[in-house]
Amino acid sequence: MRVFVCCSIFLLFFAACKQDQKTKGPETGLTSDPPKAEVRFRCESSGEDENGNPQTQVFLVVNDQSIKVADVSSCEEILKEDYPKYQIPANALGACGGWWAGAGDYFYAVEIKDLIVVMQGWQDESQEDEGFHYQQISTVPIQ
């Protein structure tokens, strides 16, 4: 009986300590602490180019500050439940993108220490490899 009580106390203590540890995001290894800033993307249509293709400006919004990050053909918010479909990490703070005429551009933002890191990826219907080819395009300090 003493062994059972001692083991039970140990397991409860271990479980309580485990809950205090920071969890890691599955894809990026980043902590899942609450974000230090409110982050989202905003897509604004800017008309059409000379060939009639749509033009959209992509802005990263950090708290109340807007920063233009790209010009693309198509853009809309990507919902959190759709992140896996676009190879976006679960701990991304926001994501957007779109597909037009056989190609797509995609963006997401993650928090790393005191920075918001913006990643851009792409896909093309004629690409011979798979994936979204994400690369870091910008960092914004959290203020």
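Is it the case that Ala101 is of a type in the set (A, V, I, L, M) and farther than 16 Å from Val69 by Cβ?
Values: of a type in the set (A, V, I, L, M): yes; farther than 16 Å from Val69 by Cβ: yes.
Spelling it out, Ala101 is indeed of a type in the set (A, V, I, L, M) and farther than 16 Å from Val69 by Cβ.
For the stretch 79-128, give me each residue that is open to solvent by less than 80 Å² (accessible area, probe 1.4 Å), assigned to a loop (DSSP other than H, G, I, E, B) and within 28 Å of Asn51 (Cβ to Cβ).
Hits for the stretch 79-128 are Gly102, Gln127.
What tally of residues in the stretch 40-60 results from selecting those that are in a strand (DSSP E or B) and either more than 17 Å from Ile116 (Cβ to Cβ) or at pLDDT below 95 (or both)?
10
What pairs can you find where one residue is in the stretch 96-119 and free of Cβ contacts under 8 Å to residues at least 12 places away in the same chain, the other is among the aromatic types (Phe, Trp, Tyr), and their Cβ atoms are less than 8 Å apart, with a gap of 6+ or different chains?
none
Consider Lys68 against the criteria (1) modelled with pLDDT of 95 or more; (2) farther than 16 Å from Gln135 by Cβ; (3) open to solvent by less than 90 Å² (accessible area, probe 1.4 Å): it satisfies all of them except one. Which criterion is unmet?
(3)
The values are calculated or read from the model by the stated rules, or taken from the named source; none is laboratory data. Remember, it's a predicted structure, so these values are computed and weren't measured experimentally. Because the Cβ atoms are built from the backbone with ideal geometry, glycine has one as well, and the counts that use them run over all protein chains shown. We work out accessible area using only protein heavy atoms, side chains counted, and drop any ligands, DNA or RNA first. Shrake-Rupley method; radii C 1.70, N 1.55, O 1.52, S 1.80 Å.
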